[in-house]
Amino acid sequence: MSDSFVLPEGLPKPIADDLDGPYWAAAARGELVAQRCSACGTWQWTAEYICHQCHSFDLGFEPIPGEARIFSWQRPHHPVHPVLVEACPYVVVLVEFADADGIRMVGNLVDPPEGDIPIGAKVEPVFEHHEGEPAYTLVQWRLA
Ligand SMILES: [Zn+2]
């Protein structure tokens, strides 16, 4: 199954904590959520203990509305970790959600085209389920 992953196994694994745990649990179910303030409705990512808009501590997680589009990208050619020696080049994307206060998430682009990646292109999430202990799910992106 590992050959379906964008990047090889052997990279540091994400560790969910009490702050971003709901995000990782949702990803494991194939759902994409982000933090939203229950007091003022502001979206924010990454997760924080306080709303950066109204300073409420009443924060939850909800499915992100609207479309995801590529805000920026890069194609690393030099490995930043030993297991990436054979994986370069790959494409890292910064994905923006205009309908969720412009929050942005980082991921990798699955099956990237040659050359430039179109800024503003619509993308959809791809859920990479990694087995093992602990199991975890990475959210990657595919041009829609
Ligand atoms: Zn708020």
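The values are calculated or read from the model by the stated rules, or taken from the named source; none is laboratory data. All values reported here derive from a predicted model rather than from experimental measurement. Please note: Cβ atoms are built from the backbone with ideal geometry, for glycine as well, and neighbour counts cover all protein chains shown. Just the protein is used for accessible areas: all its heavy atoms, side chains included, with ligands, DNA and RNA removed. Shrake-Rupley method; radii C 1.70, N 1.55, O 1.52, S 1.80 Å.
Just a few scattered comments:
- Matching residues, the stretch 51-104, being in contact (Cβ under 8 Å) with a residue 60 or more places away in the chain, away from the ligand (no atom under 16 Å from the Cβ) and small (Gly, Ala, Ser): 68, 87
- Yes/no for residue 41 being without any contact (Cβ under 8 Å) to a residue 40 or more places away in the chain, closer than 21 Å to residue 142 by Cα, open to solvent by less than 70 Å² (accessible area, probe 1.4 Å) and small (Gly, Ala, Ser): no
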